[in-house]
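First comes the structure, then the notes that go with it.
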Amino acid sequence: MAGRDGRVGPCPYRVGMEFFCYHRDRPDSVALRQELLEEHWSYMDRHAKEMIARGPTLTSEGDIPTGSVHIVDLPDPAAARAFAFDEPGYQAGVYRDVLLRRWRNMLGRTMWDFPGGRTGGNRYLALGLGTGRGTDLAVPPDRDELIAYGPLLSDDGTTWLGTAALVRAPNPDAARAVLTSGPYADIEVHHWQFGGRPS
C-alpha cells in the first residue's frame, strides 16, 4: 500500500527483489538486432531461473521489434544494472535507452503460468510513469487477462514511480484502461509478445 507521500509499504505478494527492464530500440537497428539474436537468447538463457516475463514490443502491425521487456528477480540494484547493460544488444548499440526500475510481482507468478498460454489474442505492454501518491496498487478485477502486473519503484523499493502491466486485451484502448489515467504523466501502450527461443 502507498501512503500520501507515495511511499510503498510491504506487499504480501513480494517474493524477492524484482526489476522491470525495458530496452527501447534505436531507429533503424532491426538488422543489428537480428544479427545479435542468438547472442541475446544465450545471454537470457543464463538468467532463465530469475525470469518472470520476457518478450519484444512491436510496431502496431506486429511485425517489427521496437524494444525488449524483461522482468527478473535479482539480488540487488547493482545486479539489475549489470543485467541491463551487459546485454549484447545494449553493448552493440541496438537500443536508444533503457528503463530499469524495481518492480513488485502483484500476481505472484511468471508469464509461463498465464492461463491464456503463449499465443492467442492481442497482448500489450501498458506502462504508466508518474510520481506522488501511488495508484493502481491493487490487482485489477480481470486477473486472468493479466500476464504480469505491478508497481514501478525506487531502488529502495519504497517510492512509487509508475505501473507496468503485460495484458491480453482486444485492442490498445482496452489495454490502456487497465491503468487509471489521471495520476500518470503518460501511459504508453505497446504491442508485445511472449519472448524466448521459438519452441
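Modelled this way, with points 7 Å down the Cα-to-C-beta line, the labels at residue 155 and residue 171 are 4.3 nm from one another. In the frame of its principal axes, the chain has Cα extents of 47, 38, 30 Å, reported largest first.
Seen from residue 177, the other residues with C-beta closer than 12 Å to its C-beta sum to a net charge of -3, counting Lys and Arg as +1 and Asp and Glu as -1. When the P(r) of the range 110-199 is calculated, the portion above 19 Å amounts to 39% of the C-alpha pairs.
Treat the count of other C-beta atoms within 10 Å as a stand-in for reagent exposure and order 18, 50 from fewest to most.
So the residues, fewest neighbours to most, are 50, 18.
Suppose every Lys and Arg Cβ carries +1 and every Asp and Glu Cβ carries -1, with no other charges. What dipole size does the chain come out with about its Cα centre, to the nearest 20 debye? With Lys and Arg at +1 and Asp and Glu at -1, about 460 debye. The calculated FRET efficiency for residue 30 paired with residue 110, based on their beta-carbon distance and R0 = 22 Å, is about 0.20.
For the range 69-117, the equivalent ellipsoid built from the Cα gyration tensor has semi-axes of 24, 15, 9 Å, listed from largest to smallest.
Averaging 1/r over every pair of different alpha carbons in the range 86-162 and inverting the result gives a Kirkwood radius of 14.6 Å. Over all alpha-carbon pairs in the range 39-128, figure out the percentage whose distance exceeds 16 Å. Everything past 16 Å amounts to 60 percent. Ranking 158, 125, 98 by Cα position along the charge dipole of the chain, where only Lys, Arg, Asp and Glu carry charges on their C-beta atoms, puts 158 farthest toward the positive end.
Each reported figure results from applying straightforward, stated rules to the coordinates on display, with no laboratory input. In this text the structure is predicted, and so the values were computed from the model without any measurement. We place every Cβ from the backbone using ideal geometry, glycine too, and count neighbours over all the protein chains shown.
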